[in-house]
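A.B. asks: Before I ask anything, here is the structure I am working with.
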Amino acid sequence: MQAATIKLFLVKGSPNSLRTGEISNWTGKAISSPRTELSDFLKREETGGPGIYFLTGTDPDSSEPTLYIGEAETVASRIKSHAGKDFWVNVTAFVSKDENLTKAHIRYLEGKLIEIASKKSGFVLLNSTSSGAKLPESDAAEMDIFLDKVFQLLPVLGINYFRDLVEKPSSQRELLYCAIKGLKAKGKRTSNGFLVFKGSKGVPDPRPSATKMKGKRAKLISAGILEEKEGFIEFIKDYEFSSPSAAASMIRGGASNGLTSWKDAKGRSLKQHEESET
């Protein structure tokens with residue numbers, strides 16, 4: 001991912017209010033708004049044309065973060081049609097400043113976004129299928145570049161579900177391991193917490209005292225992120241925890257200090273790593 005200069009404009013002066021985002025030398029533009037300012041969002045000239053959009057909020061049943069991805073030839077009109085859905089509290093749309101996005105382009109973008117989002121965890125994706133669109137090779141390459149810029153802007157606008165796509169890839173030096181009873185998990189520190197990688201294993205039975213962790217584990221199993229197997233649990237998908245300790249506790253079946261539980265290939269703890277870098 002290339003370095004980029006991002007320009008944010010706070011329309012009303014507040015970082016949590018209506019705002020726009022642009023990247024230097026890019027024809028795209030983002031418009032983001034809380035639902036409480038939807039009327040102002042809909043009046044924006046940019047929302048009168050084609051684009052892709054994200055509705056974010058919380059699932060009322062599970063209290064999990066929720067995401068809806070869509071496309072529209074007229075963004076404002078489509079967003080109005082979502083007024084009856086109560087889960088979302090924020091809308092973010094991406095349009096083209098040169099008005100070169102076609103129906104096929106936005107369907108392609110929506111299809112790619114839903115395909116990528118469906119493989120991620122940590123949130124509820126409300127629309128798991130898309131008609132998508134097949135584009136000529138040159139158009140597809142151009143839209144893939146457009147997507148890269150979208151991924152760069154989304155975390156800046158508060159949508160972190162795709163953040164790992166713009167963070168630098170893990171090197172072997174960054175990988176950390178948590179082992180217990182012959183089982184091993186692999187992960188890495190992230191800007192938002194700690195990521196445990198697919199294929200990691202943990203103990204099958206939580207300690208009796210780990211009541212909160214039991215509930216979290218049950219949710220991860222229900223969501224298809226963890227799977228119970230003979231003698232262990234296994235991560236079926238990558239999953240990001242809020243901290244190294246939260247990740248270690250899930251793997252070890254109870255309260256654990258993540259700074260000492262996670263170690264590199266040479267046996268040095270995460271705490272030792274952080275002390276050596278300060």
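The values are calculated or read from the model by the stated rules, or taken from the named source; none is laboratory data. These numbers were taken from a predicted model, which means no experiment stands behind them. As a convention, Cβ positions derive from the backbone with ideal geometry for all residues, glycine included, and neighbour counts pool all protein chains shown. Remember, those area values only see protein heavy atoms, side chains included, never the ligands or the DNA or RNA. Shrake-Rupley method; radii C 1.70, N 1.55, O 1.52, S 1.80 Å.
A.B. asks: Could you pull the accessible area for VAL91 with a 1.4 Å probe, rounded to 10 Å²?
C.D. replies: 0
A.B. asks: In what sequence, largest accessible area first, do THR190, THR5, THR66, THR36 appear using a 1.4 Å probe?
C.D. replies: THR36, THR5, THR190, THR66
A.B. asks: How far is helix 211-222 tilted off the main Cα axis of the chain, in degrees rounded to 10, range 0 to 90?
C.D. replies: Orientation of helix 211-222: about 60 degrees from the principal axis.
A.B. asks: Based on the Cβ-Cβ distance from LYS214 to VAL89, what FRET efficiency comes out when R0 is 22 Å, to the nearest 0.05?
C.D. replies: So the FRET efficiency works out to roughly 0.15.
A.B. asks: When the dipole is taken about the Cα centre of the chain, and only Lys, Arg (+1) and Asp, Glu (-1) are charged at their Cβ, what size is it in debye, to the nearest 20?
C.D. replies: 1060
A.B. asks: Quick check: Cα centre of region 104-135 to Cα centre of region 18-45, how many Å?
C.D. replies: Distance between centres, Cα-based: 21 Å.
A.B. asks: Moving on. Taking a probe of 1.4 angstrom, what is the accessible area of TRP88 in Å², to the nearest 10?
C.D. replies: Only protein atoms counted, so the area is about 0 Å².
A.B. asks: A follow-up question, please. Find how much the distance from HIS82 to ASP139 grows on full extension, using 0.36 nm per residue of separation minus their present alpha carbon separation; answer in nm with one decimal.
C.D. replies: Full extension from HIS82 to ASP139 adds 17.6 nm.
A.B. asks: Using unit Cβ charges (K, R positive; D, E negative) and no other charged atoms, how large, in debye to the nearest 20, is the dipole of region 1-151 about its Cα centre?
C.D. replies: So the dipole magnitude of region 1-151 works out to roughly 280 debye.
A.B. asks: Among the listed pairs LYS149/LYS263; LYS7/LYS271; LYS119/LYS184; LYS12/LYS271, which have their C-alpha atoms separated by more than 32 angstrom in this model?
C.D. replies: LYS149/LYS263; LYS7/LYS271; LYS12/LYS271
A.B. asks: Right, another one. Work out the charge dipole of the chain with +1 on the Cβ of Lys and Arg and -1 on the Cβ of Asp and Glu about the Cα centre, then indicate which of THR102, ALA141, VAL89 is farthest towards its positive end.
C.D. replies: Sorting the options by dipole projection puts first VAL89.
A.B. asks: Explain nothing, just the number: relative contact order of the chain, from Cα pairs under 8 Å at least 6 residues apart, as a whole percent.
C.D. replies: Once normalised by length, the contact order is 13 percent.
A.B. asks: Helix 137-156 versus the longest principal axis of the chain: what angle, 0 to 90°, nearest 10, using Cα atoms?
C.D. replies: Between the helix axis and the principal axis of the chain, the angle is about 70 degrees.
A.B. asks: Exactly which GluC sites (Glu not before Pro) in region 221-270 are in a DSSP loop and have at most 11 other Cβ atoms within 10 Å?
C.D. replies: Those that pass, being in a loop and sparsely packed, are GLU230.
A.B. asks: Hey, what number do you get for the chain at 222 nm if only DSSP H runs of n ≥ 4 count, each worth -39500 (n - 2.57), divided across all residues, to the nearest 500?
C.D. replies: Computed ellipticity for the chain at 222 nm equals -8500 deg cm²/dmol.
A.B. asks: Same structure again: Give the angle, between 0 and 90 degrees and rounded to the nearest 10, that separates the Cα long axis of helix 103-117 from the longest principal axis of the Cα atoms of the chain.
C.D. replies: Between helix and principal axis, roughly 10 degrees.
A.B. asks: Could you state how much accessible area LYS214 has, in square angstrom rounded to the nearest 10, with a 1.4 Å probe and all protein chains kept in place?
C.D. replies: Number for this one is 80 Å².
A.B. asks: Loop only per DSSP, at most 14 neighbouring Cβ atoms within 10 Å: give me the chymotrypsin sites (Phe, Trp or Tyr not before Pro) in region 195-235, ordered by residue number.
C.D. replies: Listed in order of number, the matching sites amount to none.
A.B. asks: With a cut-off of 8 Å between alpha carbons and a minimum separation of six or more residues, what is the relative contact order of region 1-118 in percent?
C.D. replies: Once normalised by length, the contact order is 25 percent.
A.B. asks: Quick check on packing: order 21-27, 100-106 by the mean number of other C-beta atoms within 10 Å, highest mean leading.
C.D. replies: 100-106, 21-27
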